[in-house]
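What follows is one structure encoded as structure tokens, with my remarks underneath.
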Amino acid sequence: MKKNMFFAVFFAIIAFLLSCSLDPYGEGLGLNSTGGDTSIIVPNPNVEPNNNNNNNNNNNNNGNNCSKPSAPSNVSATAQLSSRIRISWNYVNGATYYNVYRSSSYNGNYSYVGYTSSTSYTDTGLSYSTTYYYKVKAENYCGESGFSTSYSSAKTYSLWEEITNL
């Protein structure tokens, strides 16, 4: 009996470890894998985006010419799953990272979602069959650009669409 219990626990642990390391989308890097070309980033609670609401000029540029980056262009959003959308945009020269904003309508209020240093971001934990709108701002030590010159939207899959597409 003890031997059977040992093997049952052993195989349960092996099955659990394999489920954590295999991805049903063929990437083999875990459930949140993006295949290496995007970043799944969660907002850093220790870093707030620069909302240009303060007048402190603490950018430490020591008198050098300092300019904010220009706004990103060609924002594109693509639904990947029922709860995940990938947003991408063109590289902005001089940007250190990009702040991603989301709204439930194209002309609504855009809320900060997170940031990344790459030109793509994967927004996760979204609701099924819902359209989301995205804009992006570029930022460096001099400040944050205005919103991207365009917005993009994508609708997450319904649970049925996701199941039938697997």
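Ligands, DNA and RNA left out, the 1.4 Å accessible surface of the stretch 81-166 is 46% carbon and sulfur atoms. Within the shell defined by Cβ-Cβ distances under 12 Å, the residues around residue 154 carry a net charge of +3, with Lys and Arg each +1 and Asp and Glu each -1. In this label model, residue 96 and residue 127 are separated by 3.6 nm, measuring between points 7 Å along each Cα→Cβ vector.
For residue 141 and residue 158, calculate 0.36 nm times their separation in residues minus their Cα-Cα distance, and state this gained length in nm to one decimal. List each step's numbers first, then the result.
On the way: separation 17, 0.36 × 17 = 6.12 nm, distance 4.06 nm.
Difference between extended and current length: 2.1 nm.
Given labels modelled 7 Å from the Cα in the Cβ direction, how far is it in nm from residue 111 to residue 74? Computed distance between label sites residue 111 and residue 74 equals 3.1 nm.
The values are calculated or read from the model by the stated rules, or taken from the named source; none is laboratory data. What you see is a predicted model, and the numbers here were worked out from it, not measured in a lab. All Cβ positions, glycine included, derive from the backbone under ideal geometry; neighbour counts span all protein chains shown. Just the protein is used for accessible areas: all its heavy atoms, side chains included, with ligands, DNA and RNA removed. Shrake-Rupley method; radii C 1.70, N 1.55, O 1.52, S 1.80 Å.
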